[in-house]
Amino acid sequence: MAELGPETRLCIECGSSRFYARERCNTCYIRLRKALRRSGQFELRLVHGKPLERLQSRAVPSLNGCLLYTGTLNNRGYGQISVNGAQVLAHRAMYELTVGPIPDGLALDHLCHNRDPNCMGGPTCLHRRCVNVEHLEPVTKEENSRRGRGGANNAVKTHCPAGHPYDETNTHVYRGTRHCRACNRAHKKVS
């Protein structure tokens, strides 16, 4: 085994030479980050430049007041940026760096999307790239879903696509989504 030079950084928890961040290897850093998030002490740090300058250099203003992120996009159309080696959503990073932490259990709703009746949503929606904190509001995930294009329409539906009623005996709710029990039984018989 090769000897470690004096400049080699070691993990302060396990002694691994695979230094990653905050004096720890990747495994120990992930454990620390989870513990700090649970206790509310985790703070967002961007590397390779000042955080706001890095985000703002990749945001261009549009006619409707949005600041569209021009960096990397994920497969759902949201801007993403590397923070401490992990990919985070650009609008969340911008909000946390300029306004403060997002309260636990809340999601950021793009108000600019809600105001645009012509936008159909989905991965090509330009509002998903908006990092203007004046266009972001922390809301519950249920409220964010209701405000979206499909959420409001689905909430008022009284029957499933096959025509079965969404009532107490025929409806199963899983992860906030209604499912028709009659359709589920029919699907299991066919399978």
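The values are calculated or read from the model by the stated rules, or taken from the named source; none is laboratory data. Since the model is a prediction, treat every value here as computed from it, not as a measurement. Reconstructed Cβ throughout: ideal geometry from the backbone, glycine too, with neighbour counts over all protein chains shown.
Is there any pair linking a residue in region 126-149 that is closer than 22 Å to residue 98 by Cβ to one that is charged (D, E, K, R) and in a strand (DSSP E or B), with Cβ under 6 Å and at least six apart or on different chains, and which? Going by the 6 Å Cβ cut-off, the qualifying pairs are 137/109; 139/109; 144/109.
On the given criteria, is residue 134 over 16 Å from the mean Cα position of the chain (by Cα), part of a helix (DSSP H, G or I), at pLDDT 80 or above and assigned by TED's automatic domain parsing to the domain that holds residue 52? Judged against the criteria, residue 134 is a match.
Output the number of residues of region 109-119 satisfying the condition of being in a loop (DSSP other than H, G, I, E, B) and crowded, with 20+ Cβ neighbours inside 10 Å. Total meeting the criteria: 0. For region 75-108, a residue qualifies if it is closer than 23 Å to residue 26 by Cα and part of a loop (DSSP other than H, G, I, E, B), and the qualifying residues are 84, 85. The single condition from (1) outside any loop (DSSP other than H, G, I, E, B); (2) modelled with pLDDT of 80 or more; (3) over 23 Å from residue 145 (Cβ atoms) that residue 11 fails is (1). For region 95-108, a residue qualifies if it is under 16 Å from residue 66 (Cβ atoms) and crowded, with 19+ Cβ neighbours inside 10 Å, and the qualifying residues are 95, 108.
For (1) over 22 Å from the mean Cα position of the chain (by Cα); (2) at pLDDT 80 or above; (3) surrounded by 15 or more Cβ atoms within 10 Å (Cβ to Cβ), each residue gets a yes or a no:
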site	(1), (2), (3)
17	yes, no, no
23	yes, no, no
29	no, yes, yes
36	no, yes, no
41	no, yes, no
45	no, no, no
52	no, no, no
55	no, yes, yes
